[in-house]
1. With the range 70-152 as the region, which strands (runs of 3 or more DSSP E) entirely inside it contain at least 3 residues that are under 10 Å from the mean Cα position of the chain (by Cα), β-branched (Val, Ile, Thr) and surrounded by 15 or more Cβ atoms within 10 Å (Cβ to Cβ)?
2. Can you find, within the range 46-60, the residue that is farthest from residue 134 (Cα to Cα) among those that are open to solvent by less than 40 Å² (accessible area, probe 1.4 Å) and not in a strand (DSSP E or B)?
3. Which is in contact with a Ser or Thr (Cβ under 6 Å, 6 or more places away or on another chain) and over 21 Å from residue 61 (Cα atoms), of 160, 145, 108, 151?
4. Here is a check on your reading of the model: is residue 83 small (Gly, Ala, Ser), within 20 Å of residue 33 (Cα to Cα) and modelled with pLDDT of 95 or more?
5. Kindly check whether there is at least one residue in the range 29-40 that is within 15 Å of residue 124 (Cβ to Cβ) and basic (Lys, Arg).
Amino acid sequence: MNKLQKWLKRRKIRSAEKKAAKVSAKFRKDVASCGNNLQLFGTPEISFSDKLMIGNNCKINSNVYINARSGVTIGDNVTLSHGVKIISTGYDIEHWMSTGERVHITDKPIHIGNNCWIGTNAIILPGVKITGEYVVIGAGAVVTKDITESKVLVAGNPAKIVKHYDKNKQE
């Protein structure tokens, strides 16, 4: 690589870093609270950002969508992989079927605890609480129920625990 190519590469990296810093600063300003060391890879789409709280050392990848209408809390050391959807609101289906009127259910916040990794294109639906630590949500999983156990892999539709990790050895 010649000097010009090296210079152009450094300039491109610096430009990307500046753009990421601007996006991160705007994102931090828009959410209810945001801890230290947030890393954004792309620009997430957030609805009701004033009801979103994010802990320290979190990573949010591209094409992430968060609807925080009913509140979303994300703990420390959480990774949201590409295409993750976190949706804290839905419709009252029974009301809709009886009246034809769509009414939002807004009383089901989502809580994602510390040290969780949410895999690509996973979906977390209203009211879910992930209180276990070191929980891995597999790619494409649809999480409809609480996850209280720690050191587990959760996958499928609907998501269920498919693997427990031994506390005494790494797998």
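The values are calculated or read from the model by the stated rules, or taken from the named source; none is laboratory data. Quantities reported herein were computed from a predicted structural model and do not represent experimental measurements. Don't worry about glycine lacking a Cβ; one is built from the backbone with ideal geometry, like all the others, and counts go over all protein chains shown. Surface accessibility is based on the protein's heavy atoms, side chains included, excluding ligands, DNA and RNA. Shrake-Rupley method; radii C 1.70, N 1.55, O 1.52, S 1.80 Å.
1. So the answer is 72-74.
2. For the range 46-60, the residue satisfying everything is 49.
3. Testing whether each residue is in contact with a Ser or Thr (Cβ under 6 Å, 6 or more places away or on another chain) and over 21 Å from residue 61 (Cα atoms) leaves just 108.
4. The answer is no for residue 83.
5. There is no residue in the range 29-40 that is within 15 Å of residue 124 (Cβ to Cβ) and basic (Lys, Arg).
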